[in-house]
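The values are calculated or read from the model by the stated rules, or taken from the named source; none is laboratory data. Just so you know, these numbers come straight off a predicted model, no measurement behind them. Cβ placement follows ideal geometry from the backbone for every residue including glycine, while neighbour counts extend to all protein chains displayed.
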DNA sequence: AACCAGGACGTGA
DNA sequence: TCACGTCATGGT
């Protein structure tokens, strides 16, 4: 297993867990159980999402709400917004501060997330149906590199690799990077050895989250799956 | 009962 | 640049 590559990691995870199918959507759940979490909203093997503007908006909103937040809490907030029929930009912007805060409260950081959603919704209107560039997204207050990439990759189907704390933890556990590696460096490491492919990016990110949820809880972990890959990085 | 979750921002070195 | 404090609810 000398000179193992990122692609090897992808293959190992893919063989272990099978197709994932991200992003979770309220309308597309319940078909199959997932190994982790309470949400059963994945659509393995089906990459035709989002199919509607409503779904695209739900992904953008979810990407913002899930910042440093467990997904089940995000789902509660999304259900609140759905109940308010606020998964449309105009309706979202029509909510009062109190209404919006109450809706997103279960996902935590309710004040800042209220502002983040507003700022994003206004920018979204300005983009007028065009696909926002990464730079476009990064100008929005509350949208950082990971959220921008998540929106690009999952809401707009752009080949933008998403790396997150789980990704960082995984590659750190393999000994390929330090935990303090920057977002951009980690992203570059991932993309350099992967084909520029939306499906591959979506699956790889989802697989790393799935694996990390199983093995990299904040406790001494033991990684059996990737044991043979870690420790050496060809160079 | 602490600990932490699919981050980002503001501040001060 | 970079390290650190802050934001907040809910599950384990």
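Annotations for the structure displayed:
- Restricted to the range A:157-221, the set of helices (runs of 4 or more DSSP H) holding at least 3 residues that are surrounded by 15 or more Cβ atoms within 10 Å (Cβ to Cβ), within 13 Å of the chain's Cα centre (by Cα) and within 13 Å of DNA strand B (Cβ to nearest atom) comprises A:198-215.
- Helices (runs of 4 or more DSSP H) fully within the range A:1-107 that include at least 2 residues being more than 14 Å from DNA strand B (Cβ to nearest atom) and at pLDDT below 95: A:6-17.
- Residue that is out of contact with any strand residue (DSSP E or B) (no Cβ under 7 Å at 6 or more places or on another chain) and at pLDDT 90 or above, where the choices are A:232, A:168: A:168
- Flag if residue A:113 is within 15 Å of DNA strand C (Cβ to nearest atom), modelled with pLDDT of 95 or more, assigned to a helix (DSSP H, G or I) and over 21 Å from residue A:77 (Cα atoms): no
- Failed item, numbered, when residue A:149 is tested on (1) out of contact with any helix residue (DSSP H, G or I) (no Cβ under 9 Å at 6 or more places or on another chain); (2) assigned to a helix (DSSP H, G or I); (3) touching a residue at least 24 places away in the same chain (Cβ under 8 Å): (1)
- Unique residue being under 23 Å from residue A:198 (Cβ atoms), out of contact with any helix residue (DSSP H, G or I) (no Cβ under 8 Å at 6 or more places or on another chain), modelled with pLDDT of 95 or more and surrounded by fewer than 16 Cβ atoms within 10 Å (Cβ to Cβ) when the list is A:130, A:134: A:130
- Residue A:67 being on the phi < 0 side of the Ramachandran plot, out of contact with any strand residue (DSSP E or B) (no Cβ under 7 Å at 6 or more places or on another chain) and within 16 Å of DNA strand C (Cβ to nearest atom): yes
- Residue, farthest from DNA strand C (Cβ to nearest atom), within the range A:120-131, restricted to residues that are touching a residue at least 24 places away in the same chain (Cβ under 8 Å) and within 17 Å of residue A:147 (Cβ to Cβ): A:131
- Leading residue by the ranking (farthest from residue A:80 (Cα to Cα)) among those in the range A:112-127 that are within 11 Å of DNA strand B (Cβ to nearest atom) and touching a helix residue (DSSP H, G or I) at 6+ places or on another chain (Cβ under 8 Å): A:120
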